[in-house]
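The structure appears right after this line, and notes come after that.
The values are calculated or read from the model by the stated rules, or taken from the named source; none is laboratory data. Because the structure is a prediction, the values reported are computed rather than measured. Heads up, the Cβs are rebuilt from the backbone with ideal geometry, glycines too, and the neighbour counts pull from every protein chain shown. In case anyone asks, the SASA skips ligands and DNA or RNA and just uses the protein heavy atoms, side chains included. Shrake-Rupley method; radii C 1.70, N 1.55, O 1.52, S 1.80 Å.
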Amino acid sequence: MELFADTWQYLIDPDSWTGAGGLVARLLEQLLLTATALVAAMLLGLPLALWLGHLGKGGFLAVNISNVGRAVPTFALLALLVAADWPGSEDFGPYGRAGLATLIALVLFALPPLITNGYVAMREVPSDVQEAADGMGMSPMQRFRRVELPLALPVIASGVRLALVQVWATATIAALVAGPGLGRIITEGFARNDYAQGMAGAVVVASVALVLELAAAAVQRAVDPMPRAPSPDRDEDLSVPSTTVAEAPTGS
């Protein structure tokens, strides 16, 4: 209980949030890392996945890219990138020490859910809808833009949502190579036996992950072109009259 009390005191202390190494600065650093990695992964992975799904080809490639991406530990990849001559551990603008290596590792980590969901989203567009679009004289590109892509958006958004939360949580590993982000709060706290600081950093990471998850879920619902109608209440079901044996017509 004392640890939780100390963690709370650290979180409500204004000094914990201010300064170059405070929670606000580290939070902004991690948000920048996450947003940049996610946008880069979307630009790299989604066009390929959507086009392969539109063509109905490359499923083996999409699945295997996802499997390889999930199998490689992100920290191991980051360690290799930092140890290599390029990108190495040099500062990279606002992304700090080993910033480029961290971004590359996070982008590769974000690709599997984006590629898998993008491909599956296109393949799940009903064939009768595609045939109807062809019957209306749409070109393949028109069918892709005006029919397939809008219907695929909810599943695509689900992949983006998954990648966003995963990248946000994984971005804390940048601290292991002295990079930016809230991971620095956690590692510095435990290194100095200041467990309240380490716990506070973890609480902020988890809290922001929850906020991002809820925001992404709201966006996913907003882009659904066919929102599901709410299911009727049980009372309404019971109020519908049904034919009983007594009401059935009887023979003379």
Added length on full extension, which subtracts the Cα-Cα distance from 0.36 nm per residue, Ala84 to Ile104: 5.9 nm
Have a look at Pro140, Gly96, Ala163 and report the one farthest towards the positive end of the charge dipole of segment 2-226, computed about the Cα centre with Cβ charges (Lys/Arg +1, Asp/Glu -1). Pro140
Over the alpha carbons of segment 172-225, what is the largest minus smallest coordinate on each principal axis, giving the biggest first in Å? 52, 22, 9
What is the packing order of peptides 158-168, 97-107, taking the mean over residues of other C-beta atoms within 10 Å and listing the highest first? 97-107, 158-168
Could you tell me what percent of the accessible area of the chain is made up of carbon and sulfur, with a 1.4 Å probe and every protein chain present? 65 percent
I'd like to verify something in the chain: which complete DSSP H helices, judged by Cα projection on the helix axis, reach 20 Å or more and average at least 0.5 on the Kyte-Doolittle scale? 23-55, 99-123, 149-170, 195-222
What is the dipole size for the chain, taken about its Cα centre, with +1 at each Lys and Arg Cβ and -1 at each Asp and Glu Cβ, in debye to the nearest 20? 780 debye
Ranking request for peptides 182-188, 215-221: highest mean number of other beta-carbon atoms within 10 Å first, then the rest in descending order. 182-188, 215-221
How would Ser127, Ser89, Ser16 rank on accessible area, largest to smallest, probe 1.4 Å? Ser127, Ser89, Ser16
Per residue solvent-accessible surface (Å²) - the chain, probe of 1.4 Å: 57 Å²
Under 14 Å, Cβ to Cβ, from Asp128 - net charge with Lys/Arg +1 and Asp/Glu -1: -3
Sort Tyr95, Tyr195 from largest to smallest accessible area, using a 1.4 Å probe on the heavy atoms of the protein chains. Tyr195, Tyr95
Once the dipole of the chain is set up with Lys and Arg at +1 and Asp and Glu at -1 on Cβ about the Cα centre, which of Asn64, Phe4, Leu31 lies farthest towards its positive end? Asn64
For Ala62, what is the net charge nearby, where nearby means another residue's Cβ is under 14 Å from its Cβ and Lys, Arg count +1, Asp, Glu -1? +2
Label-point separation (nm) for Leu210 and Asp13, each offset 7 Å from Cα along Cα-to-Cβ? 2.3 nm
Sort Trp8, Trp86, Trp17 by accessible area with a 1.4 Å probe, largest first. Trp86, Trp8, Trp17
